[in-house]
Amino acid sequence: MTLTSNAAGGDVALRHATRPATVSLPYRPESVAVARCCVRAKLDEWGLDELVDDASVIVSELATNAVRTGCRTRMIVAVRRPAEHLVRLLVVDGSGAMPVMVEAGSDATSGRGLAIVHRLTHGRWGVTVFPFGKIVHADLAIAR
């Protein structure tokens, strides 16, 4: 995102309008709903109602995967706007286990989450590994 300064303070207003949201959550199933609420509230604030449904599904899948790692600390869920036409959802967890996209059978009760994330982001998601765990990010394009 390019910011231009002007006497009226437009650059400050733009920075404030795109301020990210970050929440630290325990590794419990009920944290997934809190993560969805955080994402929904930030997208509503940014006037990006068209992304709420997809972003809610994506953050639900990523946070659910984090809950399943069995970590005992806290996960971080964040919403960023790294560019004017891009929203990035991030889930940080304390596990080094990499997420794997699998082909779930028609009778499988789980295993479709990353395939859904892949489809909704048009393949724009990934993982960054750190000594303390990993960050899984998923990008959604803003159509306007």
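The values are calculated or read from the model by the stated rules, or taken from the named source; none is laboratory data. Fair warning: this is a prediction, and the values are worked out from it, not measured in the lab. Note that we place each Cβ from the backbone using ideal geometry, even for glycine, and neighbour counts take in every protein chain shown. With ligands, DNA and RNA removed, areas are computed over all heavy atoms of the protein, side chains included. Shrake-Rupley method; radii C 1.70, N 1.55, O 1.52, S 1.80 Å.
Pairing residues of segment 33-57 that are closer than 24 Å to Ala115 by Cβ with residues that are open to solvent by 70 Å² or more (accessible area, probe 1.4 Å) and of a type outside the set (D, E, K, R), at Cβ distances under 7 Å and at least 6 apart in sequence or on separate chains, gives Glu50/Ala143. Taking segment 64-88 as the range and being over 20 Å from Cys37 (Cβ atoms) and of a type in the set (Gly, Ala, Ser) as the test, the residues that pass are Gly70, Ala83.
Scanning segment 81-104 for residues that are under 22 Å from Phe132 (Cβ atoms), modelled with pLDDT under 85 and of a type outside the set (A, V, I, L, M) yields a single hit, Pro99.
If the condition is being under 14 Å from Ile142 (Cβ atoms) and in a helix (DSSP H, G or I), then segment 15-30 contributes only Ala17.
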